[in-house]
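We did not get these values from a lab; they are worked out from the coordinates using the rules stated. All figures in this text were calculated on a predicted structure; none of them were measured in a lab. Counting neighbours? That spans all protein chains shown, and the Cβs are built from the backbone with ideal geometry, glycine included.
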Amino acid sequence: MFRFGEFELDLDRYELRRGGEAVKAEPRVLEVLNYLIERRDRVVPKEELLDTLWADVHVSDSALTTAIRDARRALSDSPTDPRWIRTIYGRGFRFVGLVDDHAAAAAPAPAPAALPPADDKSIAVLPFTDLSPAHDQKHFCEGIAEELINTLTRLREVRVVSRAMAFDFSEDDDVRLLGTRLGVRHVLRGSVRKAEERLRITVHLVDTRKGHHVWSEKYDRNVGDIFALQEEIADRTARVLLGVVADIHALRSTPVRIDAYEFHLRGRQHLAEGTPESFDAAVGMFELAIDFDAEYAPAHAGLADALAELYTIRGDAGLRARAEDAAKRAVELAPGLAETHISHGHVLIAEERYAEAAQELELAMSINPRSSQAYYRMGHLLVREARLEEAAEMFERAAELEPADFRPPLQLVWIYRTLGRDAESREAEARTAALRAIRTR
């Protein structure tokens, strides 16, 4: 609990009180205020606030602007003559009020939480290093890693760290520490050198406990051979993790033209940046991919995701219609791919068609029961419907499938509090803090 002036901020109860009386404020507004108070010794960049408090969704800067505005209203503060929150133009925000440190110290810090022991059938695929002459192939390097993640995730026996978690790290990180931080037994990493139509890809599968290479290989191929090469790398990796691949067909990807694939990778790169401008750029890249190969389902799914984000921001009915068309086409082309149903569910959630969205996400779960993203999106859907007990179950399952991801326990903190499950809320808060600390080490 923080006390400042006539106010008390009690995030355990998600309450802001003034003279003992509750002040109306949205939970996210209270989280922003709490975050600024905790870091009142420095200016907090807006990017840090967005990356931390909106890590689960893509939002524009306007979401933060609105939250800061609402926080100031709750505190009767002025942006031009601030008593509590000061804008440092071009830098970020800082809480400048005097806080009763004795009251703040009275609240015990959450105990650190540890990741569960790594299962032998667990792996993180890191973004490949770009060794190309112009160093302009980041999208290609990340795309290869992402495709390997997607392919290995189809093996139900293997736990694969999500892209969002694995891409926080690089080949320069110590693999033993990576094993501890991500809770995995193996790390797959490598490098790419692309010059004109030739590829040189070096791959290493590393045991994180012993720090030695399980296998390494260097491939010199034509660019058009990338899909067969990805299958070969995934096959060999799976054989190490499982001893034998039970269903080799599960590792096979859909054939696609190489130029469509490259534009799709660029689209995924823009989509991950999470700004309105990057969503616009992603739309352009996915549309180019579709121009080259109209049957490539992942490009339609990516287009649906980008358009859904833009519709959420702008509320344009035309964007909504285009997003729905793209999502339906993705499912039509690849009904057996969980990712197409997750994208369709994303669009339906944006349209507030929750029953239909639930059907799509349930289908994604049946196709790939280890898709933490499907459970995570379902959790958000259930929150929108105020079905918090069921939402908690979804976030719990997402956390079980992806133990290194801090986003599910972050959602569980406030859900447990709202449900009166205070002990579980404290445990989730401790886990969130520990996982965030791991990502920033």
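One table, with the values for the structure above:
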quantity	calculated
Cβ-derived FRET efficiency at R0 41 Å, A294 paired with K218, nearest 0.05	0.70
Label zone at T275 (point 7 Å along Cα-to-Cβ), backbone N below 18 Å, the range 121-150	139
Length added when fully stretched, T80-Q359, from 0.36 nm per residue minus Cα-Cα	95.5 nm
The chain: relative contact order as a whole-number percent, Cα under 8 Å and 6+ apart	12
Proxy reagent accessibility, fewest Cβ within 10 Å first, across H380, H346, H135	H135, H380, H346
Under 26 Å from K210, Cα to Cα: lysines that are on another chain or at least 8 residues apart	K121, K218
Sites D61 and R384, calculated FRET efficiency, Cβ-Cβ separation with R0 22 Å, nearest 0.05	0.45
Share of pairwise Cα separations in the range 310-441, more than 27 Å, in percent	27
Placed amide H near V96: partners under 5 Å, 5+ positions off or other chain	I85, R86
Vicinal HN-Hα couplings computed from phi for the range 296-309 (Karplus, 6.51 cos²θ - 1.76 cosθ + 1.60; Hz; Gly/Pro x)	8, 4, x, 5, 5, 5, x, 4, 4, 4, 5, 5, 5, 4
Length-normalised contact order for the range 317-395 - Cα pairs under 8 Å, 6+ apart - percent	22
Where GluC sites (Glu not before Pro) fall in DSSP loop in the range 304-408, at most 10 other Cβ within 10 Å	E352
Cα→Cβ-extended label distance, 7 Å offset, between L242 and K210, nm	2.3
Cβ-defined net charge surrounding V160, 10 Å radius [Lys, Arg +1; Asp, Glu -1]	+4
Inter-site label distance for R200 and D10 at 7 Å from Cα along Cβ, in nm	6.5
Alpha-carbon spread of the chain, three principal axes, descending order, Å	69, 53, 44
Fewest-first ranking of H186, H264, H213, using other Cβ atoms within 10 Å as the exposure measure	H213, H186, H264
Isotropic mean projected area of the C-alpha convex hull, the range 378-441 (nm²)	3.9
Extension gain (nm, one decimal) between R69 and H135, 0.36 nm per residue minus Cα-Cα	19.6 nm
FRET efficiency for R18 and A321, using Cβ-Cβ distance with R0 set to 45 Å, rounded to 0.05	0.50
